[in-house]
Amino acid sequence: MKPVYITKRHIDHERTGKLIRAARVRRKLSIATVAAASGMSSPYLSYLERGDRAWSEETFELVRSVIEGD
């Protein structure tokens, strides 16, 4: 996955969501699987992936680590 730089000044939520979704799909992980492993609901992760909700650094790192298998 390409690095996504998140700072408190600006987060491109839509771009971040698209990159996360692409990585999840590449690894053949369902939204339900990633959401459950991240401790969030599937609809909330879907909102994040579409850029309809704001990513926090903590949420991004949690979802990224689940997708990457860290």
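The values are calculated or read from the model by the stated rules, or taken from the named source; none is laboratory data. Since the structure is predicted, the reported quantities are computational estimates derived from the model, not experimental observations. No Cβ is skipped: glycine too gets one built from the backbone with ideal geometry, and neighbour counts run over all protein chains shown.
For the reader, a short list of remarks on this structure follows.
- The condition (being more than 9 Å from the chain's Cα centre (by Cα) and surrounded by 15 or more Cβ atoms within 10 Å (Cβ to Cβ)) is satisfied by just one residue among LEU19, LEU29, LEU62, LEU45: LEU29.
- Check on LYS8, modelled with pLDDT under 95 and not in a helix (DSSP H, G or I): yes
- Qualifying residues in the stretch 32-70 (those that are outside any helix (DSSP H, G or I) and of a type in the set (A, V, I, L, M)) - the one nearest to THR16 (Cα to Cα): ALA54
- Selection within the stretch 14-31 - part of a helix (DSSP H, G or I) and either farther than 17 Å from GLU68 by Cα or aliphatic (A, V, I, L, M) (or both): GLU14, ARG15, LEU19, ILE20, ALA22, ALA23, VAL25, ILE31
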